[in-house]
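Inspection log for the structure reproduced underneath, given as C-alpha cells.
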Amino acid sequence: MSIKDKLDIFLITYNRKPYLQRTLDKILSDDSPIRDFDITILDNHSTDGTTELIQEYTKRFRNLRHIVHPFTIDGSANFVRAVELVKKDYCWVLCDDDHFHFENWKDVEISVSQDFDIVCVANYAFYTPSQYNDPAWQLFQLAFVPAGIYKRSLVQNTIMAMARSIYTLFPQCYLTLFAINNEKKIKVLTHPCVTVGLEPKDCSYSRAPHNIMYPRRSLDSDWLWGYSLICYELNNKNLNIYI
C-alpha cells in the first residue's frame, strides 16, 4: 500500500487568501509528491475571497474537498474538526501560511512504512540533533500544527481531550502527550518538510477574537499559559517540571 492510500491531508484556513494561494500552488505543483493525495480544506467561514479562491482550485483538482463552516470557529477548533474526519491510517493537518519543502519526502514514506506513531516533519525548535529523541523538545516542536504526521489511533485515543482543551490553544499537543505517556514511537526527520511561513509582523503570542469570551479563557489567551496547562498532562512529573 502506498503512502497516498495511508495518509489523509487536511488544510485549515481563515482569511489569509494570499498565503493560502501560495500554499496551494506549492502543494499542488507538478513536482509536489502530495499533489494527487486526498486533501480536505476546512474553510473557517472566510470573508476575504478565500472561499472563492478555493472553489477555483477545486475545479482544477478533483482530489480537493472543500468544507465551509457555517460559522467562524476558533483556529484550534478547526484543527480538532479536521482530525475528526480522518479515515486513513495517518493524518497531516496543514496551515495556510507555512513553507513546504518536499526534496526529502522519501524520508516521510520510509518513516510511515516503519510504523512510527508520529513523524515530526519540522525541526527548527531543536538546538541539536541529540534533542530529536528528547520528549520535552519533541512536544515543543509538535506544538507547531503542521509539524506532525499522526497515526489515526492517536486521534481515536485523544479526540475528546483535544475537544475539551481547545481553550488552551494547543489541542494538537494531546496527540504527542498520549504518545509520550504511552511510549509510542516518534521519528524526527533530519530534513524538514515544513517551516513557519508567517512574517514577524503577522505573529503574536496571544490569540482570541476580542468579542468572544470562552469558558476558562480570557479575552486574550497567552500561548505560554496554554502550553503550561497542556504540560500538566504528562505522567512523568520530572519531565513536567523540566519542561
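Listing for the model above:
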{"quantity": "All positions within the stretch 15-36 that are crowded, with 21+ Cβ neighbours inside 10 Å and not in a helix (DSSP H, G or I)", "calculated": "ILE34"}
{"quantity": "Residue among PRO200, PRO215 that is under 23 Å from ASP97 (Cβ atoms) and at pLDDT below 95", "calculated": "PRO200"}
{"quantity": "Residue in the stretch 71-80 that is in contact with a helix residue (DSSP H, G or I) (Cβ under 6 Å, 6 or more places away or on another chain), assigned to a loop (DSSP other than H, G, I, E, B), surrounded by 17 or more Cβ atoms within 10 Å (Cβ to Cβ) and of a type in the set (S, T, N, Q) present", "calculated": "no"}
{"quantity": "Number of the condition not met by TRP92 [criteria: (1) crowded, with 19+ Cβ neighbours inside 10 Å; (2) more than 13 Å from the chain's Cα centre (by Cα); (3) in a strand (DSSP E or B)]", "calculated": "(2)"}
{"quantity": "Cβ-Cβ under 7 Å pairs, at least 6 apart or on other chains, the stretch 147-164 side open to solvent by 50 Å² or more (accessible area, probe 1.4 Å), far side part of a strand (DSSP E or B)", "calculated": "ARG152/TYR90; ARG152/CYS91"}
{"quantity": "Matching residues in the stretch 29-79 - criterion: being polar (S, T, N, Q), more than 17 Å from LYS17 (Cβ to Cβ) and in contact (Cβ under 8 Å) with a residue 24 or more places away in the chain", "calculated": "SER32, THR40, ASN63, SER76"}
{"quantity": "Residue list for the stretch 37-60, restricted to those being in a loop (DSSP other than H, G, I, E, B) and farther than 19 Å from TRP92 by Cα", "calculated": "HIS45, SER46, THR47, ASP48, GLY49"}
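The values are calculated or read from the model by the stated rules, or taken from the named source; none is laboratory data. Note that this is a predicted model, so its numbers are computed, not measured. Backbone-built Cβ (ideal geometry, glycine too); neighbour counts: all protein chains shown. Note: areas computed on protein heavy atoms with side chains; ligands, DNA, RNA excluded. Shrake-Rupley method; radii C 1.70, N 1.55, O 1.52, S 1.80 Å.
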